[in-house]
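Structure, as structure tokens:
The values are calculated or read from the model by the stated rules, or taken from the named source; none is laboratory data. As the structure is a computational prediction, the values presented were derived from the model and not from experiment. In this analysis, Cβ positions are derived from the backbone assuming ideal geometry, glycine residues included, and neighbour counts consider all displayed protein chains. In case anyone asks, the SASA skips ligands and DNA or RNA and just uses the protein heavy atoms, side chains included. Shrake-Rupley method; radii C 1.70, N 1.55, O 1.52, S 1.80 Å.
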Amino acid sequence: MYEILKSAHSGLRWLVLLTLILAIVNSFGKTRGGITFSGSDKKKALFALIFTHLQFVIGLVLYFISPKVVFDAASMKSPVLRFFLVEHVAMMLIAVILITIGYSRAKRTSLDGKKFKSILIYYLIGLLLIIAAIPWPFRDLGGSWF
């Protein structure tokens, strides 16, 4: 089960990154107003939110069954164990919270320009945190491209 979840988590990251970039690019030129926030715009932001939450849930399950997460004080001395025990999960949690706030603010406001601006700012900050917290293969943390 661990290997299946790990593969799903690793592969789903690409959908998360793609949908976040799509929602950000979609909102980028529309923040000044004058453009109606359509159903298509809402769907792009919603799919990014859904994939991000799904990825977080799978990651949360992995957090408790992964051999890379060791609940021990000695883990803080190992860069790899510390990354997965503290840094990765904390940054991803903050990113998911920011993306959720951005979507919720966009949903509540009545001004179309503010909807786009909310999605742009919160999703962009969330995306940057996610990119920083992914264990890319070049970081020597045991990550892979897929």
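Among all residues of region 102-109, there is at least one that is modelled with pLDDT of 90 or more and touching a Gly at 6+ places or on another chain (Cβ under 8 Å).
Please pick out the residue among V80, V69, V86 that is farther than 18 Å from I24 by Cα, more than 20 Å from the chain's Cα centre (by Cα) and either of a type in the set (V, I, T) or at pLDDT 95 or above (or both). Being farther than 18 Å from I24 by Cα, more than 20 Å from the chain's Cα centre (by Cα) and either of a type in the set (V, I, T) or at pLDDT 95 or above (or both) holds for just one of V80, V69, V86, which is V80. Considering region 68-89, and only residues there that are out of contact with any Ser or Thr (no Cβ under 9 Å at 6 or more places or on another chain) and without any contact (Cβ under 8 Å) to a residue 24 or more places away in the chain, the residue that is nearest to W136 (Cα to Cα) turns out to be S78.
Any residue that is hydroxyl-bearing (S, T, Y), part of a helix (DSSP H, G or I), open to solvent by 50 Å² or more (accessible area, probe 1.4 Å) and out of contact with any strand residue (DSSP E or B) (no Cβ under 8 Å at 6 or more places or on another chain) - is there at least one of those in region 55-73? Looking through region 55-73, none of the residues is hydroxyl-bearing (S, T, Y), part of a helix (DSSP H, G or I), open to solvent by 50 Å² or more (accessible area, probe 1.4 Å) and out of contact with any strand residue (DSSP E or B) (no Cβ under 8 Å at 6 or more places or on another chain). Taken over region 108-139, residues that are open to solvent by 50 Å² or more (accessible area, probe 1.4 Å), more than 19 Å from the chain's Cα centre (by Cα) and touching a residue at least 12 places away in the same chain (Cβ under 8 Å) amount to 1.
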